[in-house]
Amino acid sequence: MNLQESMEKKYTEILNEYMRNQSEQALYAAQQFSRLALEKKMPPEEVISVQRSVMQELMPDLPEEVWHSFDILLEVMTAYGFAFREHQSLLDTQKELKNEMEIASNVQETLLGTSVPTVDGLEIGALSVPAKQMNGDYFHFVHDGDHSVNVAIADVIGKGIPAALCMSMIKYAMDSLPEYRKDPSAVLESLNRVVEQNVDDSMFITMFYGMYELRGHILHFASAGHEPGFFYQHKEKRFLDLEAKGLLLGVDKDARYRRYEQQVEVGDMIILMSDGVTECRTDEGFIERDTLVSFINEYIELPPQEIVNKIFRDLERLQHFQLRDDFTLIIMKRTK
């Protein structure tokens, strides 16, 4: 007995039972038949064909119009079967891609992972949250003993896996240039050459690189087109833009970057961010930098990590808990 004959026999028993007394047992048997059809990979049109064959055997005297209706149903289910199988294939592909993205995201987190250093006299708070699975932002700290704390924050113009791969390249390029770490302009110039030679022309990177000198409490920094940060002067109770000019990484291999300096006093704060912070989009449009300053000012007496966390929650709430861009915020505060 082939599959078709076997399925028709089972279906005949089920249909006979249900036609006699409409029992719950027959309905349950029909559900089991459906599962069996799926196991045997029977398309919907073949199930209709089984129904028609069994009906012809049990009720051969049905009007001709009824059999014509089965022809229509068979055509409908044939088209439905093709569409359903295509839909299922797309779902399987989507699930596979999602699993690969999760793996890639975990790999990215491992590759780009950095720890916030614990430094006497300097409190640091940092948070980076991707808008989607892969993060187009990146930050990194290097603590050179008692001499300095180096900080980098970057944003790829482009998202997804290409951005993640680009960030991995940047991270390892930085690790290979330890001799330049104390000169932010030299770091950016070296990374710019790497990006220009190895990254697709459609992708660019903004980056801020700073070296905080622990003994003299001076921030040496340079920027490659990155979002300007803030500098909070505790004594004057005011915020200044931490501006630095420089071309995006990857545009011109011969680009030069200027080195800037900022003296840091007790209570002063260095506030670095990606454009996902300043370009937070609400129902009314982008928030102004003054609005962001007001948020920071509200929590100014808290430790840096608490400030960062609270600002993230506030901006997340403004966007109805749907981030539209990657969020990265770093605050460094001199405490003594």
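Key figures for this structure:
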{"read-out": "Three-way shape call for segment 3-92 based on the alpha-carbon gyration tensor, with the a/c threshold at 1.5", "value": "oblate"}
{"read-out": "Ordering of 237-249, 72-84 by packing [mean C-beta count within 10 Å, highest first]", "value": "237-249, 72-84"}
{"read-out": "Area projected by the alpha carbon convex hull of the chain, averaged over all directions, nm²", "value": "26.9"}
{"read-out": "Check: the chain dipole with +1 on Lys, Arg Cβ and -1 on Asp, Glu Cβ, in debye", "value": "1020"}
{"read-out": "Listed residue (126, 142, 191) projecting farthest to the positive dipole end of segment 113-334, Cβ model", "value": "142"}
{"read-out": "Computed FRET value (nearest 0.05) for residue 114 with residue 82, which takes r as the C-beta separation and R₀ as 56 Å", "value": "0.65"}
{"read-out": "Beta bridge orientation in the chain: antiparallel %, DSSP, nearest 5", "value": "100"}
{"read-out": "Debye, to nearest 20: dipole size of segment 1-109, +1 on Lys, Arg Cβ, -1 on Asp, Glu Cβ", "value": "280"}
{"read-out": "Highest-first arrangement of 23-34, 120-131, where packing means the average Cβ count within 10 Å", "value": "120-131, 23-34"}
{"read-out": "Dipole of segment 221-333, positive end: most advanced residue of 269, 319, 239 [Cβ charges, Cα centre]", "value": "269"}
{"read-out": "Hits among lysines - C-alpha to C-alpha of residue 98 under 20 Å, sequence gap 8 or more where chains match", "value": "132, 159"}
{"read-out": "Additional length obtainable on full extension of the chain from residue 240 to residue 300, 0.36 nm per residue less Cα span", "value": "20.1 nm"}
{"read-out": "Selection from 36, 165, 220, by position along the positive dipole direction of the chain (Cβ)", "value": "220"}
{"read-out": "Anchor residue 333: lysines whose Cα lies under 28 Å away (excluding residues fewer than 8 positions away in-chain)", "value": "171, 182, 235, 237, 245, 310"}
{"read-out": "Taking segment 113-334 and dividing mean pair separation by its residue count, relative contact order in percent (alpha carbons under 8 Å, at least six apart)", "value": "25"}
{"read-out": "Within segment 217-239, backbone nitrogen closer than 20 Å to the virtual label 7 Å beyond the Cα of residue 293 toward Cβ", "value": "226-239"}
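Each value in this text was obtained by applying a stated rule to the coordinates, not by laboratory testing. Everything numeric in this text was worked out from a predicted model, so none of it was measured. Every residue, glycine as well, gets a Cβ built from its backbone with ideal geometry; the counts of neighbours run over all protein chains shown.
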